[in-house]
Amino acid sequence: MQLSNIKYHNIIFANDKDIEKIVNRDVKLYIKQMQTENFKSKTINLALTSIKSMFNYAVEEEYLGLNPIHQKKVKQNDLKEIDIFTDEELVKLCKYNKNSKLYTKFRDYCIILTFIDSGIRANELINIKLQDVSLEEVKKTVA
């Protein structure tokens, strides 16, 4: 069985190489190549999963006796850079609509304070239910 044009993001893993001749070292070299080309660990792990699956299929279809790929996943050390508010920006946010008598502006003010005070994510705040909030705990922290 020939492995031709197994491509992942324009990188060729094995081109016209017999499947029986591919070894774990080939995968290690492929991973190193992806790392030198600055692929994120998540992308490399996805490629590795695809390669392992292909070899598992080859074993199931009896092209191979054993899967030669034993490479473990790459550690995910890609850190996302997070933009945070400056102290001045936080003060501006806290003053936003603070004294408004309109419901929507007061609601927005409360949402902003909740974000700042708790660090809750927007999706978490959207999905919060009344039973998720303990008014007794709120009273304790306010007092």
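Among the residues that make up the stretch 9-24, is at least one of them on the phi < 0 side of the Ramachandran plot, modelled with pLDDT of 75 or more and open to solvent by 100 Å² or more (accessible area, probe 1.4 Å)?
yes
Taking the condition of being over 21 Å from the mean Cα position of the chain (by Cα) and open to solvent by 60 Å² or more (accessible area, probe 1.4 Å), how many residues in the stretch 54-74 meet it?
The total comes to 9.
Give the stretch 25-48 a look and list any residue that's more than 10 Å from I69 (Cα to Cα) and open to solvent by 60 Å² or more (accessible area, probe 1.4 Å), or say none.
In the first step, residues of the stretch 25-48 are kept if they are more than 10 Å from I69 (Cα to Cα); the result is 29-47.
Matches in the stretch 25-48: L29, K32, Q33, Q35, T36, E37, N38, K40, K42, L46.
The values are calculated or read from the model by the stated rules, or taken from the named source; none is laboratory data. The structure presented is a predicted model; accordingly, all values stated were derived computationally and were not measured. What goes into the accessible areas is simple: the full protein's heavy atoms, side chains included, and nothing from ligands, DNA or RNA. Shrake-Rupley method; radii C 1.70, N 1.55, O 1.52, S 1.80 Å.
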